[in-house]
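The values are calculated or read from the model by the stated rules, or taken from the named source; none is laboratory data. Since this is a predicted model, take the numbers as computed values, not measurements. No Cβ is skipped: glycine too gets one built from the backbone with ideal geometry, and neighbour counts run over all protein chains shown. For the accessible areas, the whole protein counts, side chains as well, though only heavy atoms, and no ligand, DNA or RNA atoms are used. Shrake-Rupley method; radii C 1.70, N 1.55, O 1.52, S 1.80 Å.
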Amino acid sequence: MKILVLSRNKNLYSTRRIIHSAEKLGHEVRVVDYLRCYMNITSKKPTVIFRGEKLENYDAVISRIGASYTFYGAAVVRQFEMAGLFTINRSEAITRSRDKLRSLQILAREGIGLPVTGFANHTADIDGMIDTVEGIPLVIKLLEGTQGKGVVLAETKKAASSVLSAFRQLKANILVQEFIKEADGKDIRALVIGNEVVGAMERTAPEGDFRANLHLGGDGREVILSDEEKNIAIKAAKTLGLGIAGVDLIRSNRGSLVIEVNSSPGLEGIEAATSKDIASKMINYIESKIN
Ligand code: ADP
């Protein structure tokens, strides 16, 4: 197969692992920076052009689209879809999963367990919204935030109200969520490929924090998921239409709840924690789809 990897930097761990695994399995692989791809969308034969060269005759696309470049990255992926290529994650699934609010709405509709979550526009509705998520303490999340950076714990109603009105003054979109105290600063990343959880790790927040993101210094170790947890993760990925997804769960008194679904999950943390070759599983998945 000829596989095209859309990534800003071929030296990133996940991109390097994908190249290595694809070559090891006998495929040809090339990395291009999707921000340097352009396209003529009206052409009868949809093509993507990279620095003057038409990117033709590829079989599959693996996209590693950064959170800040979702709009353009998804447009490039879509153009490849128009040209009939297999894309590991389809463009609409990427766009859907990047919108935290939209994805939670879709997951809730499918009956997937989530922390109680509220969303409001007007500062006058802040108190009402706090009441809908069953009070204090609560978690406030910037919709555009990633890697835990826009996630704040408010321990009093006054603190919640002040933070929410400050964010709203800045015109930031925020959602408010029930704080799952019993998660005890831990969350789970389940890596789903197709119909399978191919690896899972539990992340633990650094001392004094409740956010378990590895980027914030959290620690990851392999975890065994129950069948129910595996099913939740697979269903979440499927509901959003993702072939590959990093599904983040937290364990609550009423079962495991989905907090986020990531369409370009990093491989470094999960491969280190599980000692599994997840990159090769991605390539095997593409092989199974193309054959
Ligand atoms: P980001 O997309 O920025 O990573 P998340 O929604 O995944 O934001 O939250 C970051 C971390 O904060 C999670 O990994 C989890 O450890 C913790 N967390 C998020 N939501 C809750 C919640 N409702 N209750 C308890 N902890 C939470």
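What to note about this one:
- Overall, the accessible surface of the stretch 106-178 at a probe of 1.4 angstrom is composed of carbon and sulfur to the extent of 53 percent.
- P(r) tail for the stretch 2-89: Cα pairs beyond 19 Å make up 34% of the total.
- Förster radius 22 Å - calculated FRET efficiency between Asp125 and Lys158 (Cβ-Cβ, nearest 0.05): 0.85
- Charges were assigned to the Cβ only: +1 to each Lys and Arg, -1 to each Asp and Glu. The resulting dipole of the chain about its Cα centre is roughly 1060 debye.
- Inter-label distance, nm, simple model (7 Å from Cα along the C-beta direction), Arg254/Lys238: 2.3
- Cβ-Cβ distance of Ile49 and Arg102, R₀ of 30 Å, FRET efficiency by 1/(1 + (r/R0)^6): the value works out to about 0.45.
- Treating r as the C-beta distance of Asn11 and Ile224 and R0 as 30 Å, the FRET efficiency rounds to 0.35.
- The string of couplings for the stretch 222-228 from the Karplus curve (6.51, -1.76, 1.60, θ = phi - 60°) is 4, 9, 8, 8, 6, 4, 5 Hz, one whole number per residue in order, with x for Gly and Pro.
- Unsatisfied cross-links (Cα-Cα over 21 Å) in the set Lys24/Lys289; Lys100/Lys171; Lys141/Lys181; Lys10/Lys45: Lys10/Lys45
- Test item: Cα-centred dipole of the stretch 50-190, Lys/Arg +1 and Asp/Glu -1 on Cβ, debye: 380
- Mean separation of Cα contacts under 8 Å, 6 or more apart, over the residue count of the stretch 102-200: relative contact order %: 29
- Shown in residue order for the stretch 127-141 are the 3J(HN,Hα) couplings computed by the Karplus curve 6.51 cos²θ - 1.76 cosθ + 1.60 at θ = phi - 60°: 4, x, 5, 4, 5, 5, 8, 6, x, 10, x, 9, 9, 10, 10 Hz (x for Gly and Pro).
- Placing unit charges on each Cβ (+1 for Lys and Arg, -1 for Asp and Glu) gives the stretch 2-89 a dipole about its Cα centre, and among Leu55, Ile65, Leu12 the Cα reaching farthest toward its positive end belongs to Leu12.
- For the pair Glu268 and Thr132, the difference between a 0.36 nm per residue extended length and the Cα-Cα distance amounts to 45.2 nm.
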